[in-house]
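Engineer: Submitted below is the structure of interest, expressed as structure tokens.
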Amino acid sequence: MAELWSIPFHLPKPAPGETLDLVEVMERQAAEQSAGTPEYWTAQFELMKVYGMSGRIEESLAVLKTMMESDADLGPKARALYVAASSIEQTGEYERAAWFYRAVNSMKSEDRLVLYFGRNNLAYCLNQLGRNEEAADEARAAIAQDPNIHNAHKNLGVALEGMGDLIAAAESYREASRLNPLDRRAHKHLETMVTLHPELAKQLEWLAAHLELYRDPVRALLSQDDARNRS
């Protein structure tokens, strides 16, 4: 979700040997905006993100509280909640992050990426908490939003593996790798699962060839390009 982490304000060029303090810069630029203007809320949003990126979660949430109590539109509020959830997730507080992702999802944003990653990231947190059935539901909801993004297929695989449905998990990992060979996480999950359950090699005819091809993500991408060119 690159657009959620863009910084629209001017960042001064540091002098030679000087380190740019991004938090200080964003605090100053936020303070320069007139309250209630679109620029003010954009600056508050960016400041909240920078606090989160710096691990200053409580300060980030204080800015979020101000935004949520304002008359700002629903869209910016949903994006702000998403950023807060993502920042908390990075600290490993998965239960707390899940609460915020649920708040994001309850807002029914019209932003398709907020809708997708709100569900997908909630699935990830629930998997981390061992709540695989709930995670599977959220991952499927994310896939319903956009089946062509790989993340939720990977998280669905993790959930299904945790539930003991290894065949379905393997299929989900396979799809995640197909959609984005450069993200190695699904492939590594699949390799580990096959190591633990070697009987899968006999149950899935495609498995050996898939593992061999996607062991090299660049070769996998080239293979996909060749297949498209031949079609």
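The values are calculated or read from the model by the stated rules, or taken from the named source; none is laboratory data. Bear in mind that the values here come from a model prediction, so they are computed numbers and not experimental data. Backbone-built Cβ (ideal geometry, glycine too); neighbour counts: all protein chains shown.
Engineer: Among the residues of segment 172-221, which ones are aliphatic (A, V, I, L, M) and farther than 21 Å from residue 162 by Cα?
Structural biologist: Pass one, segment 172-221, residues aliphatic (A, V, I, L, M): 176, 179, 182, 186, 190, 193-194, 196, 200-201, 204, 207-209, 211, 213, 218, 220-221.
Answer for segment 172-221, where residues must be aliphatic (A, V, I, L, M) and farther than 21 Å from residue 162 by Cα: 179, 182, 208, 209, 213, 218, 220, 221.
Engineer: Further, regarding this structure: Residue 83 - would you say it is part of a helix (DSSP H, G or I), in contact with a helix residue (DSSP H, G or I) (Cβ under 6 Å, 6 or more places away or on another chain), farther than 18 Å from residue 100 by Cα and of a type in the set (A, V, I, L, M)?
Structural biologist: On the way: part of a helix (DSSP H, G or I): yes; in contact with a helix residue (DSSP H, G or I) (Cβ under 6 Å, 6 or more places away or on another chain): yes; farther than 18 Å from residue 100 by Cα: no; of a type in the set (A, V, I, L, M): yes.
So residue 83 fails the test.
Engineer: Examine segment 82-94 for a residue that is over 16 Å from the mean Cα position of the chain (by Cα), of a type outside the set (D, E, K, R) and either assigned by TED's automatic domain parsing to the domain that holds residue 171 or on the phi > 0 side of the Ramachandran plot (or both), and state whether such a residue exists.
Structural biologist: Step one: of segment 82-94, the residues over 16 Å from the mean Cα position of the chain (by Cα) are none.
No - not one qualifying residue is present in segment 82-94.
Engineer: Quick check on this structure: which one of 168, 103, 159 is assigned by TED's automatic domain parsing to the domain that holds residue 61 and without any contact (Cβ under 8 Å) to a residue 60 or more places away in the chain?
Structural biologist: Working: 168 fails: assigned by TED's automatic domain parsing to the domain that holds residue 61; 159 fails: assigned by TED's automatic domain parsing to the domain that holds residue 61.
Being assigned by TED's automatic domain parsing to the domain that holds residue 61 and without any contact (Cβ under 8 Å) to a residue 60 or more places away in the chain holds for just one of 168, 103, 159, which is 103.
Engineer: Test residue 144 against the criterion of being part of a helix (DSSP H, G or I), free of Cβ contacts under 8 Å to residues at least 12 places away in the same chain, closer than 30 Å to residue 110 by Cα and outside the structural domain of residue 89 (by TED's automatic domain parsing), and give yes or no.
Structural biologist: Values: part of a helix (DSSP H, G or I): yes; free of Cβ contacts under 8 Å to residues at least 12 places away in the same chain: yes; closer than 30 Å to residue 110 by Cα: yes; outside the structural domain of residue 89 (by TED's automatic domain parsing): yes.
The answer is yes for residue 144.
Engineer: Still on this structure, please answer the following. Please tell me if residue 212 is at pLDDT below 95, over 30 Å from residue 77 (Cβ atoms), of a type in the set (Asp, Glu) and not assigned by TED's automatic domain parsing to the domain that holds residue 74. Quick ask: steps written out before the conclusion?
Structural biologist: Details: at pLDDT below 95: yes; over 30 Å from residue 77 (Cβ atoms): yes; of a type in the set (Asp, Glu): yes; not assigned by TED's automatic domain parsing to the domain that holds residue 74: yes.
Judged against the criteria, residue 212 is a match.
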